[in-house]
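No lab work stands behind these numbers, since they all come straight from the coordinates. Quantities reported herein were computed from a predicted structural model and do not represent experimental measurements. As a convention, Cβ positions derive from the backbone with ideal geometry for all residues, glycine included, and neighbour counts pool all protein chains shown.
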Amino acid sequence: MRLYNSLSREKDLFVLPTDRPVTLYVCGVTPYDTTHIGHARTFLIFDLLVRFLRWHGAEVRYCQNVTDVDDPLFERAARDGVSWQDLAEHQTQQLLADYAALNILMPTYFPRASEEIGTMIVIIERLIELGHAYVVAGNVYFSVQSDPDFGKMARMGYDELLAVANQRGNNPSDPFKRDPLDFVLWQTGKPGDPTWPSPWGLGRPGWHIECSAMATRYLGEQIDIHGGGADLIFPHHPCEIAQIEPVTGKRPFVQIWMHTGLVWLDGEKMSKSLGNLVFARDALKEHSADTLRWYLFSQPYRQEFDYQRAEVAHAAEAVRLLHMALDLEGGAGPVLAPDVPRAEFLAALEDDLNTPTALAVLHMMAGSVVSAAADGANVTGYQQTLRDLAQILGMVL
Ligand SMILES: [Zn+2]
């Protein structure tokens, strides 16, 4: 199949390995708030990818982390006067309940960053030995000047990289940094933040090192596919590459980098600060998991998705037709053959998970069942194919 790789900016050929499992790592959530539709879209896309790879006969090892060492979690816990552990545990359980309600398969590995600190420390020590990192006052920074390829995925000049990093949590005025774009591998943190012992004193890891550590620990030094939301194209994913490739000595760390477009709401960017988040569990009160899945798959995954509440009803109609087509009884007339639409459906998914085309094929097939059954055709085999294909998309039916 072909999958769009954010590093090559091409649809790269992905050949299923025959002698080992496919490895997939997807950056997970910081557990301080409930799953919103933007998270849901990302995890639904990778759920589809896992189902499709398994349908092809591949064994898939899928690791998705929980970022339970992160500023927003600590800030929310302090604001609400609860322990960060309790908040993280409660929100992680909510996330898992949302996954179950959305028919999202559990990842093979679901590690929590707070339980993986030792792996991170080993990588950071090695980066210091190799001259890629330096220690100042109990903090350890990655030196971006030590990596001529730093940030390649973003295809931006230095000033633009710095501006984007600053929007996404970088502190350019940290007096200990040699370069304002250098990023934290280990930090003393703010007073009150949780700390762990390390060779550099009590502190905690930076965000980026968490994913490099968990990805390599659970999936190996080189992995097939690594994904996340498009906001991770910089700085998070290039930082992951920069800090792990020198340590393993293996390139590339990842064969294919996949990113899902961000989700908007009725034409506005969906964000905490605007207060217009749609939570998965609220959407599920009004719509079935199949309807939400159909709706969120109705546009190409790499594009930004404008969640329009009025549009979800159209997806519900399409899902109703699908269910109806699967429930009909045909006649003893000519057999309706599914081979052509089946091939079209599979070809669509093999083309970088082209879900809009795949849905159009399913919709057409559902319509064919309804009209052929009315004419007395034998639709049993066709219905079975329709059901199988819908289940690759993760429909509950
Ligand atoms: Zn990550």
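Before moving on, here are some points about what is shown:
- Selection from V396, V319, L161 lying farthest towards where the dipole of the chain points positive, charges on Cβ: L161
- Virtual spin-label span in nm between K269 and V122, 7 Å along Cα→Cβ: 3.9
- Counting neighbouring beta carbons within 10 Å and listing from fewest to most, the residues C211, C63 come out as C63, C211.
- Vicinal HN-Hα couplings computed from phi for the range 363-368 (Karplus, 6.51 cos²θ - 1.76 cosθ + 1.60; Hz; Gly/Pro x): 4, 5, 4, 4, x, 5
- Hz values of 3J(HN,Hα) by residue in the range 210-216 - Karplus curve (6.51, -1.76, 1.60), Gly and Pro given as x: 4, 6, 4, 5, 5, 4, 6
- For the range 1-83, the set of GluC sites (Glu not before Pro) satisfying both a DSSP loop assignment and a count of at most 14 other C-beta atoms within 10 Å is given as E59.
- The aspartates and glutamates whose alpha-carbon is closer than 16 Å to the alpha-carbon of K269, local same-chain residues fewer than 8 away aside, are D231, E304, D306.
- The range 100-120 residues near the modelled D282 label - backbone nitrogen below 20 Å, point 7 Å along Cα→Cβ: 100-102
- Using the Cβ-Cβ distance between S83 and L202 with R0 = 22 Å, the FRET efficiency computed as 1/(1 + (r/R0)^6) comes to roughly 0.75.
- Under the Karplus curve 6.51 cos²θ - 1.76 cosθ + 1.60, θ = phi - 60°, whole-Hz ³J(HN,Hα) for the range 90-100, x wherever Gly or Pro sits: 4, 6, 5, 5, 4, 4, 5, 5, 5, 4, 4
- Measuring nothing but how far apart in sequence close Cα pairs (under 8 Å, 6+ apart) lie, relative to its length, the chain scores a relative contact order of 19 percent.
- Put a dot 7 Å past the Cα of H323, heading toward its Cβ, do the same for Q167, and the two dots end up 4.1 nm apart.
- Principal axis dimensions, the chain - Cα atoms, whole angstrom, descending: 80, 46, 35
- When only the Cβ of Lys, Arg, Asp and Glu is charged (+1, +1, -1, -1), the dipole of the range 83-224 relative to its Cα centre reaches about 160 debye.
- Amide proton proximity set for G229, modelled H, under 5 Å, gap of 5+: T260
- Amide H within-cut-off set for F183, under 5 Å, with H built and near neighbours excluded: F142, V144
- 5 angstrom amide H check on F14, placed H, neighbours 5+ away: R2, L3
- Listed by Cβ neighbour count within 10 Å, with the fewest neighbours leading, D71, D327 appear as D327, D71.
- Each residue in S143, S371 was given a count of other beta-carbon atoms within 10 angstrom of its own, and listing them fewest first yields S371, S143.
- For the chain, the Cβ-based charge dipole about the Cα centre amounts to some 220 debye (Lys, Arg positive; Asp, Glu negative; other atoms uncharged).
- Dipole-positive endmost among F150, N378, Y295 within the chain (Cβ charges, Cα centre): F150
- Which listed pairs, of K11/K152; K250/K272; K152/K177, have C-alpha distances above 27 Å, in listed order: K250/K272
- Annotation for the range 205-265: GluC sites (Glu not before Pro) lying in DSSP loop with at most 14 further Cβ atoms inside 10 Å of their Cβ are E221.
- Gained length - E350 relative to Q145, 0.36 nm times residue gap less alpha-carbon distance: 69.9 nm
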